[in-house]
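Trainee: Right, I'll just put the structure down here and ask away after.
Laboratory data are not the source of any read-out in this text; all were calculated from the coordinates shown. The structure presented is a predicted model; accordingly, all values stated were derived computationally and were not measured. Cβ: placed from backbone, ideal geometry, glycine included. Neighbour counts: every protein chain shown.
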Amino acid sequence: MKRGELEDGLVQAIRKAVTRVTPETEASLKDSVDREEKEGPKVQLEAILENICVGKEEGKPICQDTGTITFFVTVGSGFPLIDELEGTLISAVRRASEEIPLRPNAVHPIDHTNTGDNTGRFVPPIHWEVVNGDSLTVHVMPKGGGSENMSKLVMMTPGKGIKGVKEIVIEQVAAMEGKPCPPTVVGVGIGGGADLALKLAKKALLRPVGERHPEDDIAELEEELLDKVNQLGIGPMGVGGKTTVLDVKIEYAHRHPASFPVAVLPQCWANRQAMLKVSSDGRMEVI
């Protein structure tokens, strides 16, 4: 495989990510229409689904905020282009910004200049995991500013335990109201340190809507929180209704006895993702 071929595959994955939601998300949105009883939330959900349809049919971004292109990379230590991978990811974002196009969303925090191509200092964010082997998997997640603004980190008193975790998640979803463009998918990171909790919350969003955590106690907590936050009645785009959240995803890490970080990080209804898989023989697949 040549670097140019890998870059082409990454651009294709970015294009897919910004022009459609995941199949599980679309199915959940369609189910939500049937659950709603009032006209207001039904109209909002139908408009969202129409927007998704247009994005797929015309190959256009489904939201004007094409987000910060975020990568979760799992790469084998023997992958032949591992030394060039970071540069290739950055080049792919620059190409995608021009070719799709993407809205330029990389702004200097001090002088406010926009780079114009969605790259800059530590942008795009790349989360690395190096494993044995010689294959590559790249998850592409465009993360919009509106939902990112609703993220919250709490360094909870450890004695509050799981009850405290539930309170933090429910209170934050209630405080968000319609700002993150619900119905959202909510990622929750528990434990680790402050930075790790936030990363886990974002990584949790990679799991498909409707798929539960493999550990039973975490899966039960996800189900309980999903039920409770939907009882808040915020509804699609904040107009009221039964569908405030499509799913709650939890990931955790062991923590220091004196610290109990809890991170809450929502993704808007435009739950956009794609995955590029490169096998050991160089075959590429965009999912």
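Trainee: Can you compute the FRET efficiency between Cys53 and Glu99 using 1/(1 + (r/R0)^6), with r the Cβ-Cβ distance and R0 = 22 Å? Round to the nearest 0.05.
Mentor: Step by step, r from the Cβ atoms, then E = 0.45.
Trainee: Taking Cα pairs under 8 Å and at least six residues apart, what relative contact order does the chain come out at, in percent?
Mentor: 26 percent
Trainee: Got a sec? Charge dipole of segment 146-267, +1 on Cβ for Lys and Arg, -1 for Asp and Glu; which of Gln267, Thr243, Met150 is way out at the positive end?
Mentor: Value computed over the given set: Met150.
Trainee: Counting only DSSP beta bridges with both residues in segment 146-267, tell me the antiparallel percent, nearest 5.
Mentor: 60 percent
Trainee: With a cut-off of at most 10 other beta carbons within 10 Å, and DSSP calling the residue loop, which GluC sites (Glu not before Pro) in segment 44-79 qualify? Please list them.
Mentor: Loop-located and lightly packed - none at all.
Trainee: Now, a different point. Give the cross-link partners of Lys2 among the lysines, using a straight C-alpha distance below 20 Å as the criterion and excluding same-chain residues fewer than 8 apart.
Mentor: Lys277
Trainee: What are the aspartates and glutamates whose alpha-carbon lies under 16 Å from the alpha-carbon of Lys163, with same-chain residues fewer than 8 places away excluded?
Mentor: Glu171, Asp217, Glu220, Glu222, Glu223, Glu224, Asp227
Trainee: As an exercise, identify the GluC sites (Glu not before Pro) in segment 1-30 lying in DSSP coil whose Cβ has no more than 16 other Cβ atoms within 10 Å.
Mentor: none
Trainee: Let me ask something additional. So if I take the alpha carbon set of segment 152-239, get Rg, then get Rh from the Kirkwood formula, what is the Rg over Rh ratio?
Mentor: Looking at segment 152-239, the ratio lands at 0.94.
Trainee: Which peptide among 143-152, 266-275, 118-127 comes first, and what is the full order, when sorted by highest mean count of other Cβ atoms within 10 Å?
Mentor: Sorting 143-152, 266-275, 118-127 by mean packing, highest first, produces 266-275, 143-152, 118-127.
Trainee: Turning to a different aspect of this structure: What does the extension gain come out to for Glu37 and Glu220, with contour length at 0.36 nm per residue minus their alpha carbon separation?
Mentor: 63.2 nm
Trainee: Have a look at the DSSP beta bridges in segment 59-189 and tell me what percent are antiparallel, nearest 5.
Mentor: So the antiparallel bridges in segment 59-189 amount to around 60 percent.
Trainee: Then there is this: List the cysteines in the chain whose Cβ has no other cysteine Cβ under 4.7 Å from it.
Mentor: Cys53, Cys63
Trainee: Treating only the Cβ atoms of Lys and Arg (+1) and Asp and Glu (-1) as charged, compute the dipole magnitude of segment 146-267 about its Cα centre; round to the nearest 20 debye.
Mentor: The dipole magnitude comes to about 340 debye.
Trainee: Label-point separation (nm) for His127 and Asn149, each offset 7 Å from Cα along Cα-to-Cβ?
Mentor: 2.3 nm
Trainee: Considering only DSSP beta bridges whose two residues both sit in the chain, what percent are antiparallel, to the nearest 5?
Mentor: The answer is about 65 percent antiparallel.
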